[in-house]
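Here the structure comes first, spelled out in structure tokens, and everything after it is commentary.
Taken together, the values in this text are just the output of simple stated rules run on the coordinates, not laboratory data. What you are looking at is a predicted structure, and each value in this text was computed from that prediction instead of being measured. Heads up, the Cβs are rebuilt from the backbone with ideal geometry, glycines too, and the neighbour counts pull from every protein chain shown.
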């Protein structure tokens, strides 16, 4: 089921994306990705985080609604010889239906601010997680957009769309997710690692 793009979540220009995230593998490690995991890169875009995730995890599902950027992700991983990733064109809200097995880890970067039904997405992810599985969300701090400058230009979503870590946790709690930890990701981001409660 394809519903549509989340507002203010388009794939950014590759140059400033790499400038902002020069070491995506480090971000993933700080956000709890571990060897042997079955992982999902949700709204994966062009695969900047998908490739290092494939190097860490046992198996990866890369999901994006945009087939063009998903093709770029596929090409990125193929060029690096990463063969443990399945690519799925789908809306993020359909994650529970398009991933065929329970997973240990779901990663979502720079997208949660634009999700219209945030609790619905958190619930869909929680249903797909194994007990104690993790939902790792990277978001922009609530700073004025004119202060979040990358390559000499303001970047990121509009100031009014930004939410902080405590708000993310509060949104996700009714879905059966509890806070594992928060992580600072300088210069402008934070990470929230949520964990599915053991039933």
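At-a-glance table
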{"quantity": "Relative contact order (percent, whole number), the chain, Cα cutoff 8 Å, 6+ residue spacing", "calculated": "20"}
{"quantity": "Relative packing of peptides 145-154, 177-186 - highest average C-beta neighbours within 10 Å first", "calculated": "177-186, 145-154"}
{"quantity": "MRE, 222 nm, helices only [DSSP H, n ≥ 4, -39500 (n - 2.57), over the chain, to nearest 500]", "calculated": "-7500 deg cm²/dmol"}
{"quantity": "Gap separating the Cα centres of the range 19-63 and the range 179-195, nearest whole Å", "calculated": "15"}
{"quantity": "Whole-number percent relative contact order across the range 117-199, with pairs defined as alpha carbons under 8 Å at least 6 apart", "calculated": "39"}
{"quantity": "Fraction of antiparallel bridges per DSSP, the range 43-172 only, in percent to nearest 5", "calculated": "15"}
{"quantity": "Packing rank of 168-175, 155-162, where each peptide gets the mean count of other beta carbons within 10 Å, highest leading", "calculated": "168-175, 155-162"}
{"quantity": "Ranked packing of 21-29, 58-66, most packed first, by mean Cβ within 10 Å", "calculated": "58-66, 21-29"}
{"quantity": "Value of Rg to Rh for the chain (Rh from inverse mean 1/r over Cα pairs, i.e. Kirkwood)", "calculated": "0.93"}
